[in-house]
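Only one structure is covered here, and it is reproduced in the block below.
Every number in this text was worked out from the coordinates using simple rules, so none of it is lab data. Nothing here was measured: the structure is a model prediction, and the numbers come from that model. Please note: Cβ atoms are built from the backbone with ideal geometry, for glycine as well, and neighbour counts cover all protein chains shown.
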Amino acid sequence: MALHDAQLNPSSWVRRFASLIPQGGLVLDLACGIGRHATYLTELGYRVLAVDQDVTILEQRKNPLIRCQACNLELETWPLEDLELSGIVVTNYLYRPQLDRLPQMLSKGGVLIYETFAQGNAQFGKPSNPNFLLNPGELLALAARHSLKVIAYEDIYADEPKPAMVQRLCALKEG
């Protein structure tokens, strides 16, 4: 299977806000896929924990700044307990039962960068299941529940990398 640029290049949202993540700590790339964001973050000097069900492709790159962890993120028991993170990056992934755990894992000054599909995306293809589509304002509500300062937010139609309805958030854990 050939990979498209969109599968290899970091999202413009992540590129726009990644430098806000404090240096020195650990950054989580949640549901990292082939590791496009983990790799990009290491280019900025961050140490990254890349987590997904299958991290084989990323492990083969042998990047010393990336620690790979294969695990199922959709179990009742959260596999990432007791982590304190400078940043969390999530793109194209949503599992609501564990969503509220993410802000709790941020250290003071930590940054959450989240971007995934939103309601209305079904007209453009997959994902179309409402379980995998954010409701209007859902990321804003997440930030509010955890007293995160919203740096930027969008709930929009995007035509790159492909036509889709997306919701994006960059938020800071103050303190």
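Starting from region 58-113, pick out the trypsin sites (Lys or Arg not before Pro) whose DSSP state is loop and whose Cβ has at most 14 other Cβ atoms within 10 Å. List each step's numbers first, then the result.
Values: sites: 61, 62, 67, 101, 108; in loops: 61, 62.
Qualifying residues, ordered by number: 61, 62.
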Protection-proxy order for peptides 13-26, 161-174, 70-83, each taking the mean of Cβ atoms within 10 Å per residue, highest first: 161-174, 13-26, 70-83
For the chain, with equal point scatterers placed on the C-alpha atoms only and solvent neglected, what are the log10 I(q)/I(0) values from the Debye formula at q = 0.10, 0.13, 0.18 1/Å, to two decimals? -0.35, -0.61, -1.25
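Can you count the Lys pairs in the chain whose Cα atoms are under 15 Å apart, with each pair 8 or more apart or on different chains?
Numbers: 108/149; 108/173; 126/162; 149/173.
The result is 4.
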Sum up the charges of everything whose Cβ sits under 10 Å from the Cβ of residue 108, counting Lys and Arg as +1 and Asp and Glu as -1, but leave residue 108 out. -1
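Which whole-number percent gives the relative contact order of the chain, counting Cα pairs below 8 Å spaced six or more residues apart? The partial results should precede the final answer.
Values: 343 pairs, mean separation 32.8, N = 175.
It comes to 19 percent, rounded to a whole number.
By the scheme Lys and Arg +1, Asp and Glu -1, what is the net charge of all other residues having a beta-carbon under 15 Å from that of residue 42?
+3
Among 46-55, 141-150, what's the highest-first ranking by average C-beta atoms within 10 angstrom per residue?
Numbers: 46-55: 20.1, 141-150: 15.1.
So the peptides 46-55, 141-150, ranked by packing, come out 46-55, 141-150.
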Report the antiparallel proportion of the DSSP beta bridges in the chain as a percent, rounded to a multiple of 5. 45
Extension gain (nm, one decimal) between residue 82 and residue 101, 0.36 nm per residue minus Cα-Cα: 5.8 nm
Once both labels are modelled 7 Å past Cα along the beta-carbon direction, what's the residue 129-residue 53 spacing in nm? 1.0
